[in-house]
Amino acid sequence: MKGLLKLVAGLGVLVIVLIVAGGAILGAFFDPNEYKPEIEKVALEKGGIELKINGDIGWSVFPWLGLEVNKIDVKFPGKNDLASLNKAQLAVRIPALISGKVEMKSIVVDGLQLNLVKEKDGSTNWLAEVSSTVSSEGETSTKTEASTEKSSSPAIALNIESIQISNGNINYLDKSTETQALLSDFNMSSGQVVTNAFFPAELRFNATQLVKGEEQVKAAANLSAEFFLDLDNQLYKIKGLDSKFTLSGKPLAGKSLEITSTANIEANLATQQLTLADLTLSLANLKATGNLAVSSFAAPIITGKLSVASFDLNKLLTAIGQAGIETTDSDALSAISFNTELAGPANTVTAKTLNLTLDDTKFSGSAAFNLANSNISLNIQGDKLDADRYMPPATDKKASDASTAEKSASTTANTGYSKDEILPIDTLRSLALDLSVGLKSLHVANLDVSNILVKVSAHNGLIKASKIDADLYKGSVRNNVTLDVRNNTPVITSQKSISGIQIGEMLKALADVDQLTGSLNSKSNLTLRGNSVFDFVNSVTGTADVNMKDGELHGIDMAQTVCQGLNNISSLGVNTQEVD
């Protein structure tokens, strides 16, 4: 038995010696550069790719199986240049590979240039012609089986000195839309890449978008983090992700905008769990924080918390190159904040608790978005809102408004009512939402309104505003409107009820008029058909009733006013001074 073991050991040593010697001899006497024309020919005949090797090829066999290539150009026959590479090198340690480990020297990729072009006819330069494909159904099946077998085998331990990708550039051009996207100065570097331990990596690149050759947006990105790979358990972690994006271009009106974010990310593919912890996002004066978790990727369940600290909206707009919103109150829109807790059933993003602060107004409620059918649900209630604070500053527009009204009346008289379609039918049919918005009190146009409630649902082309309710000046408004666009001709039905509104108090608040008092009541039930003003005017049917209970006019001598008018108009010679 001992003799047999010695024999086996001796044979093993002999094999290793032969491999080392063979590798040394092969490396010494075989020069791959002499076979560059043959390599290019095989690439064209077997792969349908035009390969040009303009630089030297270096290689080693044992103990490191390594390859280095320089100055390579690649394209498909008859198409634009696809890619070029200045240098690439990698080397795998054979003894470690035999024992089930992957030990590699630094992987280096330098000067990768990708040129992706989509022609006006839809063809591209990165796909081979159909006739040049060589895979068959049988080969595909074999590869699939092999892939399945491989995925069930134990994961291989990694040990790579580092990964260095430098001077990468990607150019994408769509000739049909005349748009272009550039990714330039792509650089990535890592520390020693190993499994089951954290290793550092950094990424930098610039991105540019152009339309018709004109630059639209530019971005400079810097990202760094530590990465963890557990291939056996399909567990992947990113610790201390720190990213910074600097944006500039037309949308920012010549300004530069910096966006920073941090996070810790963990993904367990085996259990279908993804977590984003300690998430932060900063954009000008906007600061957001949160934690998110996603489980069951096929039908995701999303939980977590998100919040946005109080910020000034106009300062944010100015920072991103947009005009601020002018308001009557200069302090309006200066304190906006938001927070929510996410929790809900599968395939739904649900804000179980939703809190929004707009200056002195607080809203609370819930919201949901269904990922399967895009249905939106919102149920929110506010306390008090002074809308006059948010109105544009007052300007003297009376003369302008009168002129506009005269022109509008003249246009209507000359041309009739417009027959232009005004309802976006396709958009309305696609709506899927259920909204309920309430407000305890509202001050607008000097009017005080309370107990406002609006409920709207839209499904399959049937839009219902089942409640448009409010209380004001000791009375109430109760309305509902239905828009039906399920058929070719839209139908609008409206039921309105006004009950007990003290018109004197309302006019006094609205226009400082106190000549009329009474209790206003009104009911209407109307139906309109069509999709233009002309259709509405010519199809309206229904009933309407308006009455004023206990109505009185104050401070007007009706008899004298009527007679004065008759005297002026008809020259009847009535002496209004004698009228009692």
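The values are calculated or read from the model by the stated rules, or taken from the named source; none is laboratory data. Since this is a predicted model, take the numbers as computed values, not measurements. All Cβ positions, glycine included, derive from the backbone under ideal geometry; neighbour counts span all protein chains shown.
For segment 392-404, check the following and say yes or no: at least one residue is closer than 24 Å to Leu356 by Cβ and modelled with pLDDT of 65 or more.
As a first pass, look at segment 392-404 and keep what is closer than 24 Å to Leu356 by Cβ: 392.
With modelled with pLDDT of 65 or more added as a condition, the list becomes 392.
Scanning segment 392-404 turns up at least one residue that is closer than 24 Å to Leu356 by Cβ and modelled with pLDDT of 65 or more.
Among the residues of segment 80-108, what is the count of those that are assigned to a loop (DSSP other than H, G, I, E, B), at negative phi and more than 39 Å from the chain's Cα centre (by Cα)? Step through it out loud before you land on a result.
The first filter runs over segment 80-108 and keeps only residues assigned to a loop (DSSP other than H, G, I, E, B), leaving 80-82, 99-100, 105-106.
From what's left, at negative phi: 80-82, 99, 105-106.
Keeping just the survivors that are more than 39 Å from the chain's Cα centre (by Cα) gives 99, 105.
The total comes to 2.
Take the residues in segment 445-470 that are charged (D, E, K, R) and either crowded, with 16+ Cβ neighbours inside 10 Å or touching a Lys or Arg at 6+ places or on another chain (Cβ under 7 Å) (or both), then tell me which one is nearest to Asn487 (Cα to Cα).
Lys464
Could you list, in sequence order, all residues of segment 188-208 that are farther than 15 Å from Thr246 by Cβ and surrounded by 17 or more Cβ atoms within 10 Å (Cβ to Cβ)? Give the steps one after another, and end with the answer.
Kept after step one, since they are farther than 15 Å from Thr246 by Cβ, are these residues of segment 188-208: 188-202.
Hits for segment 188-208 are Ser190, Val193, Thr195, Phe199, Ala201.
For (1) in contact with a Pro (Cβ under 6 Å, 6 or more places away or on another chain); (2) modelled with pLDDT under 95; (3) not hydrophobic (A, V, I, L, M, F, W, C), each residue gets a yes or a no:
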{"position": "Ser408", "(1), (2), (3)": "no, yes, yes"}
{"position": "Asp434", "(1), (2), (3)": "no, no, yes"}
{"position": "Val437", "(1), (2), (3)": "no, no, no"}
{"position": "Ser441", "(1), (2), (3)": "no, no, yes"}
{"position": "Leu447", "(1), (2), (3)": "no, yes, no"}
{"position": "Asn451", "(1), (2), (3)": "no, no, yes"}
{"position": "Val454", "(1), (2), (3)": "no, no, no"}
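Is there any pair with a first residue in segment 320-335 that is under 14 Å from Asp386 (Cα atoms) and a second that is part of a loop (DSSP other than H, G, I, E, B) whose Cβ atoms are under 6 Å apart and which are 6 or more apart or on different chains, and what are they?
Hits for this filter: Thr328/Met391; Thr328/Pro393.
Can you pull out the strands (runs of 3 or more DSSP E) entirely within segment 348-394 that have at least 1 residues that are aromatic (Phe, Trp, Tyr) and touching an Asp or Glu at 6+ places or on another chain (Cβ under 9 Å)? Step through it out loud before you land on a result.
On the way: elements: 348-358, 361-370, 376-386.
Result: 361-370.
Tell me, which residue of segment 475-507 that is aliphatic (A, V, I, L, M) and assigned to a strand (DSSP E or B) is farthest from the chain's Cα centre (by Cα)?
Looking only at segment 475-507, we keep the residues that are aliphatic (A, V, I, L, M), and these are 477, 481, 483, 485, 491-492, 498, 501, 503, 506-507.
Subsequent filtering for residues that are assigned to a strand (DSSP E or B) retains 477, 481, 483, 491-492, 498, 501.
Values: Val477: 38, Val481: 32, Leu483: 29, Val491: 34, Ile492: 33, Ile498: 42, Ile501: 45 Å.
Once the filter is applied, the top-ranked residue is Ile501.
Which one is modelled with the lowest pLDDT, of the residues in segment 245-261 that are surrounded by fewer than 16 Cβ atoms within 10 Å (Cβ to Cβ) and touching a strand residue (DSSP E or B) at 6+ places or on another chain (Cβ under 9 Å)? I'd like the intermediate steps shown before the answer.
Filtering segment 245-261 for residues surrounded by fewer than 16 Cβ atoms within 10 Å (Cβ to Cβ) gives 246, 250-251, 253-256, 258, 260.
Now narrow it down to the ones that are touching a strand residue (DSSP E or B) at 6+ places or on another chain (Cβ under 9 Å): 246, 250-251, 254-256, 258, 260.
On the way: Thr246: 97, Lys250: 91, Pro251: 90, Gly254: 85, Lys255: 89, Ser256: 92, Glu258: 96, Thr260: 98.
It comes out as Gly254.
What single numbered condition from (1) surrounded by 14 or more Cβ atoms within 10 Å (Cβ to Cβ); (2) modelled with pLDDT of 85 or more; (3) closer than 30 Å to Ile94 by Cα; (4) not β-branched (Val, Ile, Thr) fails to hold for Lys41?
Failing condition for Lys41: (1).
Quick one: in segment 98-126, which of the residues that are at pLDDT below 90 and charged (D, E, K, R) is nearest to Tyr172 (Cα to Cα)?
Among those residues, the one meeting the criterion is Lys105.
Per-residue answers, yes or no, for (1) closer than 19 Å to Asn451 by Cα; (2) surrounded by fewer than 16 Cβ atoms within 10 Å (Cβ to Cβ); (3) not small (Gly, Ala, Ser):
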{"position": "Gly475", "(1), (2), (3)": "yes, no, no"}
{"position": "Asp484", "(1), (2), (3)": "no, no, yes"}
{"position": "Pro490", "(1), (2), (3)": "no, no, yes"}
{"position": "Gly500", "(1), (2), (3)": "yes, yes, no"}
{"position": "Glu505", "(1), (2), (3)": "yes, no, yes"}
{"position": "Ala509", "(1), (2), (3)": "yes, no, no"}
{"position": "Asp514", "(1), (2), (3)": "no, yes, yes"}
{"position": "Ser519", "(1), (2), (3)": "no, no, no"}
{"position": "Ser522", "(1), (2), (3)": "no, yes, no"}
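In segment 325-347, which residue that is out of contact with any Asp or Glu (no Cβ under 8 Å at 6 or more places or on another chain) and farther than 21 Å from Asn285 by Cβ is surrounded by the most Cβ atoms within 10 Å (Cβ to Cβ)?
Result: Leu342.
Pull up segment 506-555, narrow it to residues that are of a type in the set (Val, Ile, Thr) and touching a strand residue (DSSP E or B) at 6+ places or on another chain (Cβ under 6 Å), then point me to the one that is modelled with the lowest pLDDT. Step through it out loud before you land on a result.
As a first pass, look at segment 506-555 and keep what is of a type in the set (Val, Ile, Thr): 513, 517, 527, 533, 537, 540-541, 543, 546.
Cutting the leftovers down to touching a strand residue (DSSP E or B) at 6+ places or on another chain (Cβ under 6 Å) gives us 517, 527, 540-541, 543, 546.
Numbers: Thr517: 85, Thr527: 96, Val540: 94, Thr541: 95, Thr543: 94, Val546: 90.
In this case the residue turns out to be Thr517.
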